[in-house]
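Participant: Sending over a structure as structure tokens; questions will come in a sec.
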Amino acid sequence: MSEDVRRCIGCGIGVQAIRGEVPPSWAELPGGGYLCQDCREQQQRREVSIARLRGRLSGRFAHSPLERCPYDPADKVLVHAWCEGYVLGRLRRALEPVEAEIRAELMRACEQHPRWPRDVIHQAAIVQEEAGELIQAALDVVYDGADRERLREEAVQVGAMALRFLVHLEE
């Protein structure tokens, strides 16, 4: 007797199909494939959340607030107008001073340490070292009540070293 296993396209869990039928808790999708009960419930919760968000956004945007959006590869459904109109606009405004800080830190680091390793292992280790210092700063803030400004400083250093890593990656 050959096994007839059907897989959930949400989580990949498999179930034994008996006489070609899956358990009633599973849903067969119109385009093919199956969803287990947990993934069906998760999808229903997501649809309710999107409907609520659509209601809050109605009338704010000229185009349809709910469209397929390439920014969310997990489920390909996102409120497109919210994503582009609000989030990206707000992000652009917030990024300008952050980008300036990261650029300044990158220039300072290049002046202070003009030599950069040629191999990616040591380059990545430098980025990781800065990321470790950011984690340490976060731990200090949470558990020791340290100043949050150090978090920003360490995050800027991580960004600067990540940029330096990316610039030298092509060499």
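The values are calculated or read from the model by the stated rules, or taken from the named source; none is laboratory data. What you see is a predicted model; the values in this text were computed from it and never measured. All Cβ positions, glycine included, derive from the backbone under ideal geometry; neighbour counts span all protein chains shown.
Participant: Can you tell me which condition Ala100 does not meet? The list is (1) of a type outside the set (D, E, K, R); (2) outside any helix (DSSP H, G or I); (3) loosely packed, with under 12 Cβ neighbours inside 10 Å, and all the others hold.
Facilitator: Here Ala100 meets the rest and fails (2).
Here's the yes/no breakdown for (1) surrounded by fewer than 16 Cβ atoms within 10 Å (Cβ to Cβ); (2) at pLDDT 95 or above:
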{"position": "Ala74", "(1), (2)": "yes, no"}
{"position": "His80", "(1), (2)": "no, no"}
{"position": "Glu96", "(1), (2)": "yes, no"}
{"position": "Ala155", "(1), (2)": "no, yes"}
{"position": "Glu170", "(1), (2)": "yes, no"}
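To keep it simple, each residue is scored yes or no on (1) more than 21 Å from Pro97 (Cα to Cα); (2) touching a helix residue (DSSP H, G or I) at 6+ places or on another chain (Cβ under 7 Å).
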{"residue": "Val127", "(1), (2)": "yes, yes"}
{"residue": "Gly132", "(1), (2)": "yes, no"}
{"residue": "Gln136", "(1), (2)": "yes, no"}
{"residue": "Leu139", "(1), (2)": "yes, no"}
{"residue": "Val156", "(1), (2)": "no, yes"}
{"residue": "Gly159", "(1), (2)": "no, yes"}
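Participant: Sticking with this one: Among the listed residues Ala155, Ala125, identify the single one that is part of a helix (DSSP H, G or I), within 24 Å of Leu95 (Cα to Cα) and not assigned by TED's automatic domain parsing to the domain that holds Ala94.
Facilitator: Exactly one of Ala155, Ala125 is part of a helix (DSSP H, G or I), within 24 Å of Leu95 (Cα to Cα) and not assigned by TED's automatic domain parsing to the domain that holds Ala94, namely Ala155.
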